[in-house]
Amino acid sequence: MPFTTYHLASGFLVGLPLRRRVHLPTLLAATTIPVDLGSVLLVLGGIDARPHGLTHGFVVAALLGVLTAIVVYVLDRYLKVHKTLYRAFYLAQGDEKFHKYIAGGVVGSLLHVVLDAPLYEDMSPFEPFVSGVNPFLLSGTQLTLPLYDLVLYAGLLAYLVFFYEMSRRALGGPVARLQLGVLVILVAILLAPTTVDVELLFREPEAFIPLGVGVLGVVLAVLSLVEMRLMSTVRAGLVLSVTATLLATAYANLGGLLLSSTTATLVYTGVAAIIVLLRSPLTRIRITFMNKSLKAVDLLLMGWLSALLIVGIPVFVAALFTILVESRRLAGLEPLARPR
């Protein structure tokens, strides 16, 4: 299960209750990256041919967790942007002690092993002491996938609830709901690779989940903009109408093969139209790049229009992150003279 949303969600599920005892960003990094990255390097180096080999044992994973903690600790001391992101996403508060980084790294890496152990026959969790034995293997049982889906959705939901409550306390309800809406859209993008079969798009009902989640995010964001009097009800109605049309179009394709060119074009232009309609209400949210001030929503539009070239996807996601982080500037500000 390399670099999947399942590991990130499990990190939230376990890490949020422990956030006062561990450095949560380190835990999330450790449970998502080093164990699988180590396996890839060992396979490429010809040291261990198993995709879930030595690094998927508790001992080596714990050592990788310590290494991850040291790396994150050093980066935090030299790259202040990390702390800005931590505060924006309420992942850590204040200067954490070094032992909390270590605890987060070890817990996160061990959590990765625990999550993978029931799935893979080539794992030996107690290696190097005991090889070729995986007592936790459950692969093939009917409970496996539902349990992992439960971890996925419970973990993401737990973080969304936690984020909204922290944002509401800090910035007030309307801005918190705007941030929540943008975050929900980002979650929808995270869910897409786990639920959408690229070769048979929309063939399974699960493929509809990220679309529904994304629509929920748009609705939350639009309603919050109306509540802050940054968007008129007429413009909001147009956005919601286009969103509903796109959702209905996607639902009509549920169970079919690849999207038709007509449907794909409709979705592509529809999302672009939504972004254009959001341009004026989000005009206050800007990003500084190379000493130039850009509207984050313009960056969002540029990313979406170039998404077909792949390079636009990270730009689109980066713009959403910017809107989420910088929307806190709207807290306590007077609305524009007339909602647009």
For a quick size check, give me the Cα extents of the range 1-171 along its three principal axes, largest first, whole Å.
51, 37, 24
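Mind ranking 114-126, 18-30 by how tightly packed they are, going by the mean number of other C-beta atoms within 10 angstrom, highest first? Numbers along the way, then the final one.
Working: 114-126: 18.5, 18-30: 23.1.
Per-residue mean Cβ counts within 10 Å order the peptides as 18-30, 114-126.
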If we count other beta carbons within 10 Å of each Cβ, what is the order of Glu127, Glu326, fewest first?
Glu326, Glu127
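Taking R0 as 25 Å, what's the FRET efficiency between Thr288 and Arg77 from their Cβ-Cβ distance, rounded to 0.05? Don't skip to the end; give the middle numbers.
Values: r = 24 Å, r/R0 = 0.97.
The pair Thr288/Arg77 has a calculated efficiency of 0.55.
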Amide proton proximity set for Arg286, modelled H, under 5 Å, gap of 5+
Ala296
Quick calc: nm separation of the 7 Å Cα→Cβ label points for Ser131 and Val161 -> 4.5 nm
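Where a number appears in this text, it was derived from the coordinates with a stated rule and is not lab data. Keep in mind that what you see is a predicted model, and the values were worked out from it rather than measured. Every residue, glycine among them, receives a Cβ derived from its backbone with ideal geometry; neighbour counts consider all protein chains shown.
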